[in-house]
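Peer 1: Right, I'll just put the structure down here and ask away after.
Every number here is computed from the coordinates shown, using simple stated rules; none is lab data. As the structure is a prediction and not an experimental result, all values here were calculated from the model. So basically every Cβ, Gly included, is an ideal-geometry build from the backbone, and we count neighbours across all protein chains shown.
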Amino acid sequence: MPELPEVETVRRTLNTLIPGKQIERVTVSLPRIIQRPDDPEQFALELQGHTFETVERRGKFLRFILDGLVMVSHLRMEGRYGVYRSDEPVEKHTHVIFHFTDGTELRYKDVRQFGTMHLFATGEELQSKPLVQLGLEPLDPQFTDEQFISVISKRRTMIKPVLLNQAYVVGIGNIYVDEALFRAGIHPETIASDLSREQLIRLHEAIVSTLSDAVAAGGSSIKSYVNGQGEMGMFQHSLRIYGRKAEPCQECGTLIEKTVVGGRGTHYCPVCQPLPARQKAMG
Ligand SMILES: [Zn+2]
């Protein structure tokens, strides 16, 4: 599943391609991708004649800003956007096509069919599902360590599931949570409320640096993920812990272990990321 850096890469790519393009008509061939309004024909009708201005992001959601409208879209497992000339053959699993007045098209392809699109009047989207329940935005300049500490430090559950919960901090998925915890030297099963202020500050810094580095590298290409223009991200080569079970830790040489935390496959170095003594004693 694409995580924040991959969605950010898609956003940046789309921003070089679609601003200024005016929609002539929209074709929806898989109605359930369209979550709002209820009627996909209404969705298509409302978009007619509108122009894409820019693409923003909130967590793992893309926010397509048009004149007077906002389309919120989640790629889920395998969703892809691409821009094509209208005479190029339409690939299988293409479910929504935005036909532009200049003879090009924005096509949405989704083999797994889990992706979503919601259409709103401008501003309405921030007060409505799915964006309204989202937590802190980790690449926002306003994401300070104090803000992070106030949201995380009272949770009496393991830190990894806390970080994966989109109601606290958005956009960190299974790959980057393992990387950030490794960079911060924190065991993924540490109870969040047991983390010291110093550890939380280090973790905040690790989250920001991990995600920023991944964005700079164009995201990671795990499985079939590619960005908006079909290019592979490069950050998978920089992953230091994720997917490296039984390889030596790059910091200390200890073999990396894999376990399951909160139902998710989890990689960690038992030496660089020790479990706190109190938890170890509890077994
Ligand atoms: Zn280590």
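Peer 1: Send over the Kirkwood Rh of the chain, from the inverse of the averaged 1/r over different Cα pairs, rounded to one decimal Å.
Peer 2: 20.1
Peer 1: Sum up the charges of everything whose Cβ sits under 10 Å from the Cβ of residue 103, counting Lys and Arg as +1 and Asp and Glu as -1, but leave residue 103 out.
Peer 2: -3
Peer 1: Sticking with this structure for a sec: Taking a spot 7 Å from the Cα of residue 140 along the direction of its beta carbon, which residues of the stretch 47-69 have an amide N less than 17 Å from it?
Peer 2: So the set is 56-64.
Peer 1: Same structure, new question: Using Cα-Cα distances under 8 Å and only pairs 6 or more residues apart, what relative contact order does the stretch 7-109 have, in percent?
Peer 2: Averaging sequence separation for qualifying contacts and normalising by length gives 30 percent for the stretch 7-109.
Peer 1: Quick one: helix 174-184 against the long Cα principal axis of the chain, what's the angle to the nearest 10°, folded into 0 to 90?
Peer 2: Taking Cα atoms only, the helix is inclined about 40 degrees.
Peer 1: Using 0.36 nm times the number of residues separating residue 65 and residue 22, minus their current alpha carbon distance, what extension gain do you get?
Peer 2: 14.3 nm
Peer 1: In whole Hz, with x marking every Gly and Pro, tabulate ³J(HN,Hα) for the stretch 245-259 from phi via Karplus 6.51 cos²θ - 1.76 cosθ + 1.60, θ = phi - 60°.
Peer 2: Computed from phi, the couplings for the stretch 245-259 are 3, 6, 8, x, 4, 5, 8, 10, x, 5, 6, 6, 9, 10, 9 Hz.
Peer 1: Still on this structure: In a shell of Cβ-Cβ distance under 12 Å around residue 182, excluding residue 182 itself, what net charge do Lys and Arg (+1) and Asp and Glu (-1) give?
Peer 2: The answer is +1.
Peer 1: Going Cα to Cα from residue 154, which lysines come in below 28 Å? Please leave out same-chain ones fewer than 8 positions away.
Peer 2: By straight Cα distance, residue 154 reaches 60, 129, 258, 280.
Peer 1: Okay, which of the stretch 192-207 sit inside 20 Å, backbone N to the point 7 Å along the Cα-Cβ direction of residue 167?
Peer 2: Zone members listed by number: 192-194.
Peer 1: What does the charge dipole of the chain about its Cα centre add up to, to the nearest 20 debye, if the Cβ of each Lys and Arg holds +1 and the Cβ of each Asp and Glu holds -1?
Peer 2: Dipole of the chain, to the nearest 20 debye: 1040 debye.
Peer 1: Take every Cα pair under 8 Å in the chain that's 6+ residues apart, average their separations, divide by the length, and report that relative contact order as a whole percent.
Peer 2: So the answer I get is 18 percent.
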